[in-house]
1. Given ALA70, GLN45, SER11, which one lies farthest toward the positive end of the charge dipole of region 1-83, if we put +1 on the Cβ of every Lys and Arg and -1 on the Cβ of every Asp and Glu?
2. State the dimensionless ratio Rg/Rh of the chain (Rg: radius of gyration of Cα atoms; Rh: Kirkwood radius).
3. Whole number please: convex hull volume per residue, Cα atoms of region 78-171, in Å³.
4. Calculate I(q)/I(0) for region 18-109 by the Debye formula, one identical point scatterer on each C-alpha and no solvent, and give its log10 at q = 0.10, 0.17, 0.19, 0.22 Å⁻¹ to two decimals.
5. Show that you can apply the helix-only estimate: for the chain, add -39,500 (n - 2.57) for every DSSP H stretch of four or more residues, divide by all residues, and state [θ] at 222 nm to the nearest 500.
6. Quick one: which residues, 5 or more positions from PHE32 or on another chain, have an amide H under 5 Å from its amide H? H modelled 1.01 Å from N in the peptide plane, none for Pro or chain starts.
7. Can you tally the net charge around PHE93? Count Lys and Arg as +1, Asp and Glu as -1, for every other residue whose Cβ sits under 14 Å from the Cβ of PHE93.
Amino acid sequence: MIHLVTGGARSGKSTFALQEVLRHAPEGPIGFIATAQALDEDMQQRIRAHQAERDARFLTFEAPIDLSGALAAPAPAAFVVDCLTLWCSNVLFENLHHSGGALPDAAAFDQKIAALIDQLSACSRPVITVTNEVGLGIVPGDALSRSYRDWLGRINQRVAARAERVTLLVAGIPMQIKPSPYASGA
């Protein structure tokens, strides 16, 4: 079961994801797949704050790039992936670093997304996946930022298409958008 949790920055996505995963695996263990990298003091503080929200039931897997490998871990009863937003930027910046500053080849990036979708779909345990909805604001002024926004939008669409549930958080309020609460004709 894939549950995609999306919304804006500071909308309550991570807290909601932790609550959801505890419904699926109240006794644990729960795999927490962290994609953040502590590259500066601000990120170090954010990581520490997120770590403080989790108790001993959570096993942390640091996977800034290799989400598929972390999802193959044998022990957890369920997973939280937090988050696809940072995973996307990590993959883009890794490509920029190794290519001398060139944006990723669309086919190569598509293969990474396909591999992630396949691993999410193959996972026999519930996976609560967090992402940001970055396409609701202004059009970014530079090519790298537009590329990032576009790739994250593609990732979100593809994960949402495979997910059994999609929840949008706005100001801490979860709104179920898949399955649609109106699908039964109510």
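Please treat every number below as a calculation from the coordinates, not as lab data. These numbers come from a predicted model, not from an experiment. Don't worry about glycine lacking a Cβ; one is built from the backbone with ideal geometry, like all the others, and counts go over all protein chains shown.
1. Among ALA70, GLN45, SER11, the one farthest towards the positive end of the dipole of region 1-83 is SER11.
2. Dividing the radius of gyration by the Kirkwood radius yields 0.96.
3. Value for region 78-171: 107 Å³ per residue.
4. Scattering profile of region 18-109, log10 relative to I(0): -0.31, -0.78, -0.92, -1.09.
5. Rounded to the nearest 500, the figure is -14000 deg cm²/dmol.
6. Under 5 Å from the amide H of PHE32: LEU59, THR60, PHE61, VAL80.
7. Local charge sum for PHE93: -1.
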